[in-house]
Amino acid sequence: GAGVSQTPSNKVTEKGKYVELRCDPISGHTALYWYRQSLGQGPEFLIYFQGTGAADDSGLPNDRFFAVRPEGSVSTLKIQRTERGDSAVYLCASSYDRGPGELFFGEGSRLTVL
Amino acid sequence: AQSVSQHNHHVILSEAASLELGCNYSYGGTVNLFWYVQYPGQHLQLLLKYFSGDPLVKGIKGFEAEFIKSKFSFNLRKPSVQWSDTAEYFCAVNLYSGTYKYIFGTGTRLKVLA
C-alpha cells in the first residue's frame, strides 16, 4: 500500500521485556516522526528523523527508549525493560520534507505491558 | 514551553447543529496550524491547514477554521454537523524553534446523535 505501515498492530508484553516497533513510511518521505498516545490524550512527541539522523529526540522519556532509521526509510522504536506506564498507542508519521507539511500517520502500534 | 490547548474534551451534538471547537497555542513566533481528525477505527488524517494568507481556511467535508493571531487561536467550525462527523479532532501547531516541532492538542471527542 501507499500509506504508512506500522507493525505489529498490537503487542502484549510483560514488564521488564524488550520491545521493537516498526514503521515503514511513505516512499520518498524524508521526515519521520514517532508519537505516543495514551488514553484521552493527544499524540505526544517522541523523536523526529530527517533522513537517517535523529534531528530531535527531546521527547524520548528516558534512556530505555531508542529509535533508529539506518537507511533513511524504515524506522524502529526500541523500548528496553518495559514498564506498565509504557502502555500506549505508538504512532508513526511521515512527511515529504522537514518543513511545515502535512503528516501522514500510520494506524499505530498498541503496546500493553502487563 | 510551546503548547496547544483544546478546551472542549467531549462534545455531543444533534445532527444539523453547528459546531465550534476551540484551539489555542502558546508560541510567539511564526506557526503553521492544522486540524487532524481520527474517525473510529481509522488513523489520523488531515482536515485542514493554515500556512499564510487568508486567515479563514476551508477544509474537507464542510469544515473551516479561522486563525486569529491576536488571540493565538485556530478554532474549527462547521455550520451543520452530520452523524458521520463523529470522531476525535486534534489541533496541531508546527513551528520552528531550533528544529521543526509538531505539537498536538489533547483532542476533542465529538459525538453526533442521529
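Only residues that are within 9 Å of another protein chain (Cβ to nearest Cβ), assigned to a strand (DSSP E or B) and either over 24 Å from A:Gly40 (Cα atoms) or out of contact with any strand residue (DSSP E or B) (no Cβ under 9 Å at 6 or more places or on another chain) (or both) were counted in the stretch B:30-52, giving 2. In the set (1) exposed (fewer than 14 other Cβ atoms within 10 Å of the Cβ); (2) closer than 22 Å to B:Asn94 by Cα, A:Pro70 fails one condition alone, (2). Filtering the stretch A:71-98 to residues that are part of a loop (DSSP other than H, G, I, E, B), under 14 Å from the mean Cα position of the chain (by Cα) and polar (S, T, N, Q) leaves A:Ser73, A:Ser87.
Has the stretch A:57-78 got at least one residue that is out of contact with any Lys or Arg (no Cβ under 8 Å at 6 or more places or on another chain), among the basic types (Lys, Arg) and under 30 Å from B:Thr30 (Cα atoms)? Within the stretch A:57-78 (the criterion being out of contact with any Lys or Arg (no Cβ under 8 Å at 6 or more places or on another chain), among the basic types (Lys, Arg) and under 30 Å from B:Thr30 (Cα atoms)), the answer is yes, since at least one residue qualifies. Would the stretch A:98-108 turn up any residue that is surrounded by fewer than 19 Cβ atoms within 10 Å (Cβ to Cβ), within 12 Å of chain B (Cβ to nearest Cβ), closer than 30 Å to B:His7 by Cβ and free of Cβ contacts under 8 Å to residues at least 24 places away in the same chain? So far as the stretch A:98-108 goes, yes, one or more of its residues are surrounded by fewer than 19 Cβ atoms within 10 Å (Cβ to Cβ), within 12 Å of chain B (Cβ to nearest Cβ), closer than 30 Å to B:His7 by Cβ and free of Cβ contacts under 8 Å to residues at least 24 places away in the same chain. Being crowded, with 18+ Cβ neighbours inside 10 Å, within 17 Å of B:Tyr102 (Cα to Cα), small (Gly, Ala, Ser) and within 14 Å of chain B (Cβ to nearest Cβ) is a property that A:Ala31 has. Going through the stretch B:4-29 one residue at a time, which ones are exposed (fewer than 12 other Cβ atoms within 10 Å of the Cβ) and either within 14 Å of chain A (Cβ to nearest Cβ) or under 16 Å from B:Asp85 (Cα atoms) (or both)? The answer is B:His7, B:His9, B:His10, B:Ile12, B:Ser14, B:Ala16, B:Ser18, B:Gly29.
Filtering the stretch A:39-70 down to residues that are under 17 Å from A:Gly106 (Cβ atoms) and part of a loop (DSSP other than H, G, I, E, B), which residue is farthest from the chain's Cα centre (by Cα)? Taking the candidates together, the pick is A:Gly42. Checked against the criterion of being in a strand (DSSP E or B) and within 12 Å of chain A (Cβ to nearest Cβ), the candidates B:Ala92, B:Ala65 yield just one match: B:Ala92. For the stretch B:95-108, the candidate set comprises residues that are facing chain A (nearest Cβ under 9 Å) and either of a type in the set (A, V, I, L, M, F, W, C) or within 11 Å of B:Val37 (Cβ to Cβ) (or both); within that set, the residue that is surrounded by the fewest Cβ atoms within 10 Å (Cβ to Cβ) is B:Leu95. Residue check: B:Asn8 meets all listed conditions (1) at pLDDT below 95; (2) more than 15 Å from the chain's Cα centre (by Cα) but one, namely (2).
Filter the stretch B:30-61 for residues that are closer than 22 Å to B:Ser80 by Cβ and crowded, with 18+ Cβ neighbours inside 10 Å and give the result. Listed by number, the residues that qualify are B:Trp35, B:Tyr36, B:Val37, B:Gln38, B:Leu47, B:Leu48, B:Val57, B:Gly59.
The values are calculated or read from the model by the stated rules, or taken from the named source; none is laboratory data. This one's a predicted model, so the numbers in the text were calculated from it and none came from an experiment. All Cβ positions, even for glycine, are placed from backbone atoms using ideal geometry, and neighbour counts span all protein chains on display.
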